[in-house]
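Have a look at the structure below, then the notes.
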């Protein structure tokens, strides 16, 4: 039997990686093959079989698979064979509207992606709240498995401390230094090349690093659709970690998360560490680009900050911010993270054919 894995159009990462690792440890029923992007192939272990994402060989492997595990649309022209099982893990609890719920998409894009949705046999969900949103957005009427996300198991793992220490050492983050992880989501008009769209991530990274001083390190993690497209920031306290294969390890290395509307907020909340929301384009993003499923300001477990100066002030006063938002943070975790107990992968693997 052949299992084929697809994560973010060719990375060795996310929930497919956790499921792959568990299946390899459990038995040898499957021949395992990953769809790989040449730009990320260095992160695949040498004993992992890969084929190029989007190549003729990669499509042939997909169409011959007994099991397909993907964390996003497999946006290729392909058809699974009769009897194959396609597990769609997806890649986050949605705050922003997705798929058929978005305010705008390029002509034909959603119809094309619906072809992929029609092939899914099972969709993972991290919570009952997410289940209803995912089912509605994808117009999906088949099996949904509420398990939590396999990718988050590492956050509750006995190895979490060791992973944190290893990664901080690899990234050159000294003991006692505050690591700030910045994970902005993507803007549709930028990715789809709308005329006049302004490319960037909002944050003045070099200025922020300079003002925070040498007791902070800024870890820049762009959305996978933007990886490699930003100009490098030349500052000793800034690290570009966009190519690091698994963001879950970065959650462990970090001391605080700064994001905007990214679903990383729901995963990082599993750690209980503080978050801040840099919402410099909130009105445009909510009203024109995407829209939200929730009243963001009402449910956010941390302050919404519109300027770099506000963000710097909050980073300098994290204990007070955390105390002020403790109750909202606890409610947020109860609503969105209660299944993230370190055993999601076990529950998923038990369901696989």
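The values are calculated or read from the model by the stated rules, or taken from the named source; none is laboratory data. Here the structure is a predicted model, which means the values were calculated and not measured. Glycine also receives a Cβ, built like all others from the backbone with ideal geometry; neighbour counts cover every protein chain displayed.
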Can you give me the ranges of the helices (runs of 4 or more DSSP H) entirely in segment 91-173 with at least 2 residues that are under 24 Å from residue 299 (Cα atoms)? 128-138
Going by the conditions given, is residue 190 in a helix (DSSP H, G or I), surrounded by 15 or more Cβ atoms within 10 Å (Cβ to Cβ) and modelled with pLDDT of 95 or more? no
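Residues in segment 52-74 that are assigned to a strand (DSSP E or B) and buried (at least 19 other Cβ atoms within 10 Å of the Cβ): how many?
Kept after step one, since they are assigned to a strand (DSSP E or B), are these residues of segment 52-74: 52, 67-70.
Now drop any that are not buried (at least 19 other Cβ atoms within 10 Å of the Cβ), which leaves 67-70.
Of the residues in segment 52-74, 4 are assigned to a strand (DSSP E or B) and buried (at least 19 other Cβ atoms within 10 Å of the Cβ).
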Out of 300, 314, 326, 253, report the one residue that is closer than 21 Å to residue 207 by Cβ and assigned by TED's automatic domain parsing to the domain that holds residue 174. 314
Since residue 77 meets every condition but one in (1) buried (at least 19 other Cβ atoms within 10 Å of the Cβ); (2) in a loop (DSSP other than H, G, I, E, B), which condition does it not meet? (1)
Tally time: how many residues in segment 80-90 are part of a loop (DSSP other than H, G, I, E, B) and either out of contact with any helix residue (DSSP H, G or I) (no Cβ under 8 Å at 6 or more places or on another chain) or crowded, with 22+ Cβ neighbours inside 10 Å (or both)? 5
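Yes/no per residue for (1) modelled with pLDDT of 85 or more; (2) surrounded by 23 or more Cβ atoms within 10 Å (Cβ to Cβ); (3) in contact with a helix residue (DSSP H, G or I) (Cβ under 9 Å, 6 or more places away or on another chain):
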{"site": "202", "(1), (2), (3)": "no, no, yes"}
{"site": "214", "(1), (2), (3)": "yes, no, no"}
{"site": "220", "(1), (2), (3)": "yes, no, yes"}
{"site": "238", "(1), (2), (3)": "yes, no, yes"}
{"site": "271", "(1), (2), (3)": "yes, no, yes"}
{"site": "275", "(1), (2), (3)": "yes, yes, yes"}
{"site": "280", "(1), (2), (3)": "yes, no, yes"}
{"site": "295", "(1), (2), (3)": "yes, no, no"}
Specify which of the listed residues (290, 335) is touching a helix residue (DSSP H, G or I) at 6+ places or on another chain (Cβ under 9 Å) and closer than 20 Å to residue 187 by Cα. 290
Counting only residues that are out of contact with any helix residue (DSSP H, G or I) (no Cβ under 7 Å at 6 or more places or on another chain), in contact (Cβ under 8 Å) with a residue 40 or more places away in the chain and surrounded by 12 or more Cβ atoms within 10 Å (Cβ to Cβ), segment 157-172 contains a total of 1
Given the conditions (1) part of a helix (DSSP H, G or I); (2) crowded, with 23+ Cβ neighbours inside 10 Å, and given that residue 34 satisfies all but one, which numbered condition is not satisfied? (1)
Please specify each residue of segment 98-118 satisfying the condition of being in contact with a strand residue (DSSP E or B) (Cβ under 9 Å, 6 or more places away or on another chain) and either surrounded by fewer than 18 Cβ atoms within 10 Å (Cβ to Cβ) or outside the structural domain of residue 134 (by TED's automatic domain parsing) (or both). 102
